[in-house]
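Beneath this line is the structure, given in structure tokens, with notes to follow.
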């Protein structure tokens, strides 16, 4: 599995995704610690790359810090609280469902447990060996998430597309694969 070279990010901005998580936490009366936000962003980027064959969810750059992966632009913008940035409430088709899957799986986890999970990823550990503030390449994140036994399976994050049959029954829709 390789990162698609020259791939356009699905979300226009990393802030759109960060603000989506911040709004989701607010909606559920939960305080979203800055570290937890960075771990959710890292997990979302990694799972998206695995689920969508190397595509990039957002134009984010993650660096290795002692506490875990961090997106420095989001860190700077959120340093004194929520930045005065207008969120893009029109995320592309499927992105909000994907982010909901990430939130449903990891949103209730503690910051410490998410930090531990991210710190155990091979991509993070390899970057940290080189030193703090080392960039964690998307390709490393992808390979780390695709081959790891210690992180939840992508199928638990990416929800199947649901539609209704002619009788009104809910059915999961997936691509047809000949011979399966």
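What FRET efficiency would be calculated for the residue pair residue 133, residue 90, taking the C-beta separation as r and a Förster radius of 25 Å, to the nearest 0.05? Intermediate results must be reported in sequence, preceding the final value.
Values: r = 34 Å, r/R0 = 1.35.
With R0 = 25 Å, the Cβ-Cβ based efficiency is 0.15.
Using only the alpha carbons, work out the radius of gyration and Dmax of the range 14-173 in angstrom.
16.0, 59
Can you order the peptides 116-123, 72-79, 83-90, 46-53 by their average number of other Cβ atoms within 10 Å per residue, highest first?
Values: 116-123: 19.1, 72-79: 15.8, 83-90: 11.4, 46-53: 22.9.
With the highest mean Cβ count within 10 Å placed first, the list reads 46-53, 116-123, 72-79, 83-90.
I need the peptides 103-113, 133-143, 12-22 ranked by packing, meaning the mean over residues of other C-beta atoms within 10 angstrom, with the highest value on top. Mind dumping the intermediate values first?
On the way: 103-113: 15.0, 133-143: 19.3, 12-22: 22.0.
My ranking of the peptides, most packed first, is 12-22, 133-143, 103-113.
Note down the relative contact order for the range 14-173 as a percent, whole number, built from C-alpha pairs under 8 angstrom at least six residues apart.
Working: 189 pairs, mean separation 45.8, N = 160.
Once divided by the residue count of the range 14-173, the mean separation gives 29 percent.
Report the rotationally averaged projected area of the range 58-128 based on its alpha-carbon convex hull, in square nanometres. Intermediate results must be reported in sequence, preceding the final value.
On the way: hull surface 23.7 nm².
For the range 58-128, the mean projected area of the Cα convex hull comes to 5.9 nm².
I need the Kirkwood Rh of the range 22-92: take the reciprocal of the average 1/r across all distinct C-alpha pairs and report it in angstrom.
Details: mean 1/r = 0.0746 Å⁻¹.
It works out to 13.4 Å.
Ranked highest first by average number of other Cβ atoms within 10 Å, how do 26-35, 62-71 line up?
Numbers: 26-35: 12.4, 62-71: 21.0.
My ranking of the peptides, most packed first, is 62-71, 26-35.
Could you tell me the calculated FRET efficiency between residue 109 and residue 8, based on Cβ-Cβ distance and R0 = 22 angstrom, to the nearest 0.05? Please report the intermediate quantities before stating the final value.
Values: r = 30 Å, r/R0 = 1.39.
For residue 109 and residue 8, the calculated efficiency is 0.10.
Each reported figure results from applying straightforward, stated rules to the coordinates on display, with no laboratory input. The shown structure was predicted, so the numbers you read here are calculated from the model rather than taken from an experiment. Using ideal geometry, Cβ is built from the backbone for each residue, glycine included, and neighbour counts are taken over all protein chains shown.
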